Amino acid sequence: MILLAKNRKHKFYQMKISHIEHIGIAVANLDEAIPFYENVLGLKCYAVEEVEDQKVKTAFFKVGQTKIELLQSTDPEGPVGKFIEKKGQGVHHIAFAVDGLAETLPGLEEKGIRLIDKTPRKGAEGLNIGFLHPKSTFGVLTELCEEPK
Ligand code: CMX
């Protein structure tokens, strides 16, 4: 009953996810992690990019339509530096490709989801991105991404 009422309130808002855009994995050192993905898993690292405002250096691999994004922190006080300090290396976030990111974020906030980014900003590979806080998403840091139009 309560759920029905909630859904009715948000009947004009519909999230449109097409696929998992990437999975972000925090590693201590890219130079040590990349050979595992290339030589053991047989994937090809097609890009290495530093995202200064996120205090990370990233390495990308394609797995079908989805990518693996390795994240090495460039600053112990950055989000990935703090994550590794607290939890160690491992899965850091999951990113979904969505249509209409700018409309999606306020729609989620209206649903009571805690946003890290209230409006889209630029992420790796030129995508527009927005993060949802892990305390609102059952412990999984969740990113939404959209190709710029
Ligand atoms: N996944 C799940 N939980 C996480 C987390 C993650 N990746 N990062 C932090 N947390 C949890 C912590 O464990 C902690 O939980 P407890 O309070 O239960 O201990 C809580 O969130 C707060 O953590 P914190 O260490 O105090 O860190 P902050 O609150 O300063 O920051 C967060 C946490 C998620 C808001 C911050 O990391 C952030 O803004 N992340 C989004 C940006 C980002 O991660 N950028 C790097 C990737 C960039 C890219 O892909 O290009």
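Would it be correct to say that residue 72 is more than 10 Å from the ligand (Cβ to nearest atom), buried (at least 19 other Cβ atoms within 10 Å of the Cβ), at pLDDT 95 or above and closer than 17 Å to residue 27 by Cβ? Here the answer is yes, as residue 72 does meet what is asked. Taking region 129-146 as the range and being near the ligand (Cβ under 8 Å from one of its atoms) and over 21 Å from residue 100 (Cα atoms) as the test, the residues that pass are 134, 135, 139, 140.
Put simply, of 87, 111, 118 the only residue that is modelled with pLDDT under 95, more than 25 Å from residue 43 (Cα to Cα) and of a type in the set (Lys, Arg) is 111. Filtered by the rule that a residue be in contact with a strand residue (DSSP E or B) (Cβ under 8 Å, 6 or more places away or on another chain) and part of a helix (DSSP H, G or I), region 31-45 gives 33, 34, 37, 38. Which of the residues belonging to region 118-128 are under 15 Å from residue 100 (Cβ atoms) and under 12 Å from the mean Cα position of the chain (by Cα)? Matches in region 118-128: 127, 128. Determine if region 89-109 includes at least one residue that is of a type outside the set (A, V, I, L, M), outside any strand (DSSP E or B) and within 22 Å of residue 27 (Cβ to Cβ). Taking every residue of region 89-109 in turn, at least one turns out to be of a type outside the set (A, V, I, L, M), outside any strand (DSSP E or B) and within 22 Å of residue 27 (Cβ to Cβ).
Going by what's in this entry, would residue 99 be described as in contact (Cβ under 8 Å) with a residue 40 or more places away in the chain and more than 8 Å from the ligand (Cβ to nearest atom)? In short, yes. Could you tell me whether region 39-49 includes any residue that is of a type in the set (A, V, I, L, M, F, W, C) and within 15 Å of the ligand (Cβ to nearest atom)? So far as region 39-49 goes, yes, one or more of its residues are of a type in the set (A, V, I, L, M, F, W, C) and within 15 Å of the ligand (Cβ to nearest atom). Put simply, of 48, 80 the only residue that is among the hydrophobic types (A, V, I, L, M, F, W, C), in a strand (DSSP E or B), surrounded by 12 or more Cβ atoms within 10 Å (Cβ to Cβ) and modelled with pLDDT of 95 or more is 48. Exactly one of (1) within 13 Å of the ligand (Cβ to nearest atom); (2) at pLDDT below 95; (3) surrounded by fewer than 20 Cβ atoms within 10 Å (Cβ to Cβ) is unmet by residue 124. Its number? All conditions are met except number (3).
Within region 58-72, the set of residues being in contact (Cβ under 8 Å) with a residue 24 or more places away in the chain and either hydrophobic (A, V, I, L, M, F, W, C) or out of contact with any Lys or Arg (no Cβ under 6 Å at 6 or more places or on another chain) (or both) comprises 58, 59, 60, 61, 65, 66, 67, 68, 69, 70, 71.
Scanning region 35-57 for residues that are closer than 13 Å to residue 67 by Cβ, touching a residue at least 60 places away in the same chain (Cβ under 8 Å) and among the hydrophobic types (A, V, I, L, M, F, W, C) gives a single hit, 47.
The values are calculated or read from the model by the stated rules, or taken from the named source; none is laboratory data. Being a predicted model, the structure only gives us computed values, none of them experimental. Methodologically, a virtual Cβ is constructed for each residue, glycine included, from the backbone with ideal geometry; neighbour enumeration extends over all protein chains shown.
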